[in-house]
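All remarks here apply to the structure that follows.
The values are calculated or read from the model by the stated rules, or taken from the named source; none is laboratory data. Remember, it's a predicted structure, so these values are computed and weren't measured experimentally. We place every Cβ from the backbone using ideal geometry, glycine too, and count neighbours over all the protein chains shown. For the accessible areas, the whole protein counts, side chains as well, though only heavy atoms, and no ligand, DNA or RNA atoms are used. Shrake-Rupley method; radii C 1.70, N 1.55, O 1.52, S 1.80 Å.
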Amino acid sequence: MSDRKPMTQSEARGVRYARELEGHLGWLDTFSGTALGVLAVASGIYTYLGVSSLLDDNGAMSAFAAIAYSVAVSVGIFVFWSYMLRLFPAVRSTRSRMGLLGAMGLGSLAIVAMSSWLNAAALAGSAAVEQHLANTVQEYQGSLERAHEIALSAQGLERDVARVRQSFEDLSEQEATGNLSGLAGRGAVFRVLRQKSSELSGLEAQIATQTPLVNAAFVEGNQILSRMRALTVEPGPVEARSVEFSEQAVHLAGLITQLRQLSVASLVERAAQDLSASVVLPELDGNSAENRTAQGATITSVLEVLAQRATTLERAAQSVLAMPPPTETTYTPISSADAVILYARNFVPSWAGAIAIDLLPAVLVFILAITQTAIRSGREGAAVEDTMTLAELRAALAAVRDVEEAMHGGAQNAPSPPDIQQDKKPDTAAHVTPIKST
């Protein structure tokens, strides 16, 4: 009699549950390898497109190199995830699981490094380069507007110069009528005032000649910006558009430099410094000592006013010079792969798709691991004979019959032992020893 306890109801349900899961896994195994191969090939194709965008030469060797790299990526992805799909669900100890999990993490990083970013470049490379062009246009526009603002502020100094010039002209008119020094005419004081008025008048005319140049440079710069904006959205290969964009960027950078040079703030500052330092004092021409004393006192007062006006004008020029200059903007051509990395946050969906096509099998690995754990849990506590299916039982019985038949057939074909009765001599009377009688 066997002392094995029969299965409980819960154990029977667990065995049925495990059998059901094994049936599903058996069906899924029929196409899992094919699906993994399709994912690997798709990733290899996009990797080929990404590698091709990085190669400058379009010759046969470059094409062969791109194909070889993409094939290596496809094979690596297929082999790596095949290992994970088979081994990770099979191990049971926590230490083994953690070790394989670490290996899977390193392998995933390697796949992202060698494939995913190239896939993203193939998916969104052109758009990323166009984003780079658009950002460059914005930077150039900011530099152009800043240079124009500084140039206009410098042109605004023309009003300050005109105001100081007008003040000296008014003083000279007062001197001519005798309301300044008390001596009417065009004497020494008048000539000093006219001297500075003429200097400021020349500076004012020089500033005025810069205004049309500033306006023309700004208008031309805006036209170049319009063309650069059009290049960012025009149809066609972005590489060809980038070449013309680079030419326009060089031209625009020259215009921005020209606007910076057209600023007259430094010129006004030097003129204000020279305004009071370079005064040619004429000889006093008063008829008497009293008149000459009056002229000297008036000239001293004029020089003080001149110094004040010069200081005011110099401060106005320095305020313009203190304005932050436009940022140095230089267009740098960039490849599609580098653009995707540089503007990664603008192309999150493309990055997600590029990484998902490579790392999707990781989800299948975890699904298989969870399912295998559930199967082992369902079979836990059940004996081997209780977990056998009807097909497995029939196969086992057939195997037993085959073994028995093999053993029986072997016994029949074995040589029989020698017949002991045949080897015995016959019991005849000659061989019987008679008993003697007494």
Practice item. Hey, could you check segment 303-348 for residues that are among the β-branched types (Val, Ile, Thr) and within 12 Å of the chain's Cα centre (by Cα) and say which is least open to solvent (accessible area, probe 1.4 Å)? Key: Val340
**Study point:** Checking Ser246 against (1) at pLDDT 85 or above; (2) open to solvent by 40 Å² or more (accessible area, probe 1.4 Å); (3) not hydrophobic (A, V, I, L, M, F, W, C), the condition it does not meet
**Key:** (2)
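How many residues are more than 15 Å from the chain's Cα centre (by Cα) and either farther than 17 Å from Arg227 by Cβ or open to solvent by 10 Å² or more (accessible area, probe 1.4 Å) (or both) if we restrict to segment 126-149?
10
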**Study point:** In segment 221-239, residue modelled with the highest pLDDT [restricted to those that are within 22 Å of the chain's Cα centre (by Cα) and surrounded by fewer than 14 Cβ atoms within 10 Å (Cβ to Cβ)]
**Key:** Val233
Exercise for review: Find the residue count for segment 162-214, including only residues that are polar (S, T, N, Q), open to solvent by 40 Å² or more (accessible area, probe 1.4 Å), farther than 18 Å from Arg270 by Cβ and modelled with pLDDT of 70 or more.
Suggested key: 2
Study note, to complete from the structure: Per the filter on segment 93-113, residues open to solvent by 70 Å² or more (accessible area, probe 1.4 Å) and more than 19 Å from the chain's Cα centre (by Cα) are Thr94, Arg95, Met98, Leu106
